[in-house]
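Undergrad: Quick one: the structure is below, questions incoming.
The values are calculated or read from the model by the stated rules, or taken from the named source; none is laboratory data. Please read these numbers as outputs of a predicted model, since none were measured by experiment. Glycine also receives a Cβ, built like all others from the backbone with ideal geometry; neighbour counts cover every protein chain displayed.
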Amino acid sequence: MPNGNTTTNCSKAAQYQIVNGQLSTLDGLYASTNYGIRNQAFAVSQDVGPISTSFFVNGTMLGWNNSNFSNGTAQFYKLPPGLLENALILAKFIGPMTPRRGWSPIYIYANPGDRFLPLLFELEQYDTICQ
């Protein structure tokens with residue numbers, strides 16, 4: 001969902017689009033961060049921070065690259081690990097990308113054939129949830 005939390009009801013999930021490398025909802029909320037932020041909720045806002053590009057879909061996997069991120073790419077996690085409904089999706093930008101205790105690494109999938117992307121999250125346990 002736009003607040004950075006998950007839902008198991010995909011009809012409640014926001015739809016996103018990537019335009020000029022920026023990820024946004026249909027109602028004009030953007031995913032972004034500021035310089036020096038180590039990690040934050042993967043949420044959208046009407047306030048666009050200085051780092052708001054380069055989102056992309058490779059195959060079906062969503063990614064976020066930026067030279068300000070460690071290894072040039074953001075990593076995504078879900079916490080707490082056992083929760084599916086209303087869990088927090090976290091984007092990590094700086095530091096070792098190995099998950100902290102209580103963080104589950106996830107992959108974010110989108111259908112690049114759709115103009116508007118519902119985001120799906122694949123967990124290590126192979127559960128699918130929506131944002």
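Undergrad: Are any of the residues in the range 77-87 buried (at least 17 other Cβ atoms within 10 Å of the Cβ), under 14 Å from Gly4 (Cα atoms) and either under 12 Å from the mean Cα position of the chain (by Cα) or without any contact (Cβ under 8 Å) to a residue 12 or more places away in the chain (or both)?
TA: Within the range 77-87 (the criterion being buried (at least 17 other Cβ atoms within 10 Å of the Cβ), under 14 Å from Gly4 (Cα atoms) and either under 12 Å from the mean Cα position of the chain (by Cα) or without any contact (Cβ under 8 Å) to a residue 12 or more places away in the chain (or both)), the answer is yes, since at least one residue qualifies.
Undergrad: Quickly run through the range 74-116 and pick out the residues that are among the basic types (Lys, Arg) and either within 25 Å of Gln15 (Cβ to Cβ) or modelled with pLDDT of 90 or more (or both).
TA: The first filter runs over the range 74-116 and keeps only residues among the basic types (Lys, Arg), leaving 78, 92, 100-101, 115.
Residues satisfying the conditions are Lys78, Lys92, Arg115.
Undergrad: With the checklist (1) surrounded by fewer than 17 Cβ atoms within 10 Å (Cβ to Cβ); (2) in a strand (DSSP E or B) in hand, flag the one item Ile106 doesn't pass.
TA: Tallying (1) surrounded by fewer than 17 Cβ atoms within 10 Å (Cβ to Cβ); (2) in a strand (DSSP E or B), Ile106 fails exactly one: (1).
Undergrad: Exactly one of these conditions fails for Lys92: (1) surrounded by fewer than 17 Cβ atoms within 10 Å (Cβ to Cβ); (2) over 24 Å from Gly28 (Cβ atoms). Give me its number.
TA: The number of the failed condition is (1).
Undergrad: State the number of residues belonging to the range 3-42 that are touching a residue at least 24 places away in the same chain (Cβ under 8 Å), assigned to a loop (DSSP other than H, G, I, E, B) and surrounded by 17 or more Cβ atoms within 10 Å (Cβ to Cβ).
TA: 7
Undergrad: Return the residues of the range 24-44 that are of a type in the set (A, V, I, L, M, F, W, C) and within 21 Å of Leu79 (Cβ to Cβ); say none if nothing qualifies.
TA: Residues satisfying the conditions are Ala31, Ile37, Ala41, Phe42, Ala43, Val44.
Undergrad: Given (1) surrounded by 16 or more Cβ atoms within 10 Å (Cβ to Cβ); (2) within 23 Å of Arg101 (Cα to Cα), where does Asn71 come up short, assuming only one miss?
TA: (1)
Undergrad: Scan (1) closer than 17 Å to Thr7 by Cβ; (2) in a loop (DSSP other than H, G, I, E, B) for the single condition Leu90 breaks and write down its number.
TA: Condition not satisfied by Leu90: (2).
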